[in-house]
Amino acid sequence: MTFNEAVKKVFFIEILKGLALTLKHFVSPAVTRQYPTEKREPFPGSRGLHALVRAPETGKERCVGCGLCAAMCPSQCIHIYTSEGDDHKKVVDRYEVDVLRCVFCALCVEACPYGALVLTPHYEYSGYTRREFYYTKDRLLQNWDTFMGGAKGTEYLERFWRPKAVDFGNGTPAKIEVSEGKTP
Ligand code: SF4
Ligand code: SF4
């Protein structure tokens, strides 16, 4: 053992250093926020609760039921049920997301070729049963109206819906029109 090591052991230098660090934190200002009284605005593009985009022309979901989002979902928490309509087009009978299984990776959003699905910045939701976290098509459309309606939804799709044609250098992105809705 060297002289320095011996001195450290005899005078408990490391313990004193630790105590000094603890005391320093007693007097420095707290960095924690007192949630929920103090809240931070979610960053644009934050991955919160899902929503289905409501098309302004029809007032219905923009989703065509192609199933790409469900195929890409690593958690397999998207369930889509379709049928054939009068004009032989696919009709989305049910579109459901089991949010408790979701890992909020946004692969479903990226996979959608129609910009029909988004993750809203809304993250404050809770419930007492699993059913409350099982989002049906109507509830997902309601999420769009509540959290992403109007300019907010347009901005989201312009900034975060990727890839667009322009990303491949062969076109300009189409202007995306969305329906008006309530903002939180
Ligand atoms: S965010 Fe990821 S885990 Fe959640 S539904 Fe989309 S693809 Fe699935
Ligand atoms: S949300 Fe998009 S990817 Fe998923 S089924 Fe609808 S259109 Fe297809």
### Task
Only residues that are more than 6 Å from ligand 1 (Cβ to nearest atom) and either open to solvent by 80 Å² or more (accessible area, probe 1.4 Å) or free of Cβ contacts under 8 Å to residues at least 40 places away in the same chain (or both): list them for the range 94-108, please.
R94, D98, L100, R101
### Query
Restricting attention to the range 75-84, which residues are within 15 Å of ligand 2 (Cβ to nearest atom) and not aromatic (F, W, Y)?
S75, Q76, C77, I78, H79, I80, T82, S83
### Filter result for V91 (within 15 Å of ligand 2 (Cβ to nearest atom) and within 18 Å of Q142 (Cβ to Cβ))
no
### Query
Within the range 15-30, which residues are of a type in the set (D, E, K, R) and surrounded by 10 or more Cβ atoms within 10 Å (Cβ to Cβ)?
K17
### Query
Among the residues of the range 123-130, is there at least one that is under 27 Å from T154 (Cβ atoms), in contact (Cβ under 8 Å) with a residue 40 or more places away in the chain, within 16 Å of ligand 1 (Cβ to nearest atom) and open to solvent by 40 Å² or more (accessible area, probe 1.4 Å)?
yes
### Query
Quick one: T120 ticks every box in (1) out of contact with any His (no Cβ under 8 Å at 6 or more places or on another chain); (2) buried (at least 17 other Cβ atoms within 10 Å of the Cβ) bar one, so which box is it?
(1)
### Summary
Residue hits (the range 109-122; within 14 Å of ligand 1 (Cβ to nearest atom), within 17 Å of K60 (Cα to Cα) and more than 14 Å from the chain's Cα centre (by Cα)) are C112, A116
### Task
Have a look at H79, H50, H88 and point out the one that is free of Cβ contacts under 8 Å to residues at least 24 places away in the same chain, of a type outside the set (F, W, Y) and within 16 Å of ligand 1 (Cβ to nearest atom).
H79
### the range 38-90, residues that are in a loop (DSSP other than H, G, I, E, B), among the β-branched types (V, I, T) and surrounded by 14 or more Cβ atoms within 10 Å (Cβ to Cβ)
V53, V64
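The values are calculated or read from the model by the stated rules, or taken from the named source; none is laboratory data. Being a predicted model, the structure only gives us computed values, none of them experimental. As a convention, Cβ positions derive from the backbone with ideal geometry for all residues, glycine included, and neighbour counts pool all protein chains shown. Remember, those area values only see protein heavy atoms, side chains included, never the ligands or the DNA or RNA. Shrake-Rupley method; radii C 1.70, N 1.55, O 1.52, S 1.80 Å.
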